[in-house]
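To start, the structure under review is shown below, and the notes come after it.
Coordinate-derived values only; no laboratory data. Fair warning: this is a prediction, and the values are worked out from it, not measured in the lab. Because the Cβ atoms are built from the backbone with ideal geometry, glycine has one as well, and the counts that use them run over all protein chains shown.
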Amino acid sequence: MASFLKLSVRWVPGTSNKLILQTPRGEFQISLERFEQVLGRRATFDLYLIGKTTLELPEKSFLGLVA
């Protein structure tokens, strides 16, 4: 059975291409491009509309984001 992680995602202040991922495993910064590559453009809709989003991802997808 795959384990899932809850992710809170928001913009790095003052940027339009960097994101902060907050997880139970810590805080990570990644590029918007990487986020879209792994999760698809649809995952960014709430980021653009309200500035943040919360997702539940399989651990494998999370490792793809921060690797």
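Among the residues of region 14-67, those that are touching a residue at least 12 places away in the same chain (Cβ under 8 Å), over 17 Å from Ala2 (Cα atoms) and of a type in the set (Lys, Arg) comprise Lys18, Arg34, Lys52. For the subset of region 8-27 comprising residues that are surrounded by 15 or more Cβ atoms within 10 Å (Cβ to Cβ) and not β-branched (Val, Ile, Thr), which member is nearest to the chain's Cα centre (by Cα)? Ranking the qualifying residues of region 8-27, first place goes to Leu21.
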